[in-house]
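To keep things clear, I will list the structure first and then write my remarks on it.
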């Protein structure tokens, strides 16, 4: 019995924040456009995220390179006094030729392509885009690197719904088919603790006003 039954582990806390509201989100579009802007509602959401994170006092702020995410992160920077680190590998799922379209539009105008994709929407990719498996593997690798570089710290990551879904799937160790069952609204926060041997999800997809007593 030379080893303790409950060895102490270094815990790295990750806060996952989805960018603020956009018109494309409102219209249900598939998009990875790096130039999409926040709406007024989106800027209000960014302010709320920043005010909440000010109480958390994260050690690190990271974000994707998309404008809607950078704009959200810039508001947060002013609240918490940290400069966001842009990471291209945290960008959203690439939908290729379906950029700027809705699922309904694709289904109506390109039924064969939609049927081929929807037969296995995890492993199949939109024409010219990524599969969800590709996205998941990309995000899983980047998450591992970010945690390794900031072990034991509190990390705030501003990104996208697909990115956050991928990290939640990885943390729970659940089949990737469940990717589509997770809703991540704009301006929401999820919290996960990671160590070498476990991941604990404390809350998912909550708005800052729902988190007044949660850190």
Above 19 angstrom, tally the Cα pairs of segment 54-206 and express them as a % of all pairs, no decimals.
57
Rg and Dmax of segment 167-214, Cα atoms only, in Å
11.8, 33
In the calculated pair distance distribution of segment 111-195, what percentage of Cα-Cα distances lie above 18 Å?
48
Grab the Cα-Cα distance for residue 77 and residue 181, subtract it from 0.36 nm times how many residues apart they are, and report the gain in nm with one decimal.
34.3 nm
Measure nothing fancy, just the Cα-based angle from helix 161-172's long axis to the longest principal axis of the chain, in degrees from 0 to 90, nearest 10.
50
Using a Gaussian network model on the chain with a 10 Å cutoff between Cα atoms, which of 39, 13, 65 fluctuates the most?
39
Over all pairs of distinct alpha carbons, what does the Kirkwood formula give as the hydrodynamic radius of segment 21-142, in Å?
15.9
So, relative contact order of segment 70-183 in percent, Cα under 8 Å, 6 or more apart, is 27
Could you give the nm distance between label points at residue 97 and residue 55, where each point is 7 Å from its Cα heading toward the beta carbon?
4.9
Under the 0.36 nm per residue contour assumption, what length would be gained going from the current alpha-carbon distance of residue 27 and residue 119 to full extension?
30.7 nm
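Every number in this text was worked out from the coordinates using simple rules, so none of it is lab data. Just so it is clear, the model here is predicted, and its values are computed rather than measured. Glycine also receives a Cβ, built like all others from the backbone with ideal geometry; neighbour counts cover every protein chain displayed.
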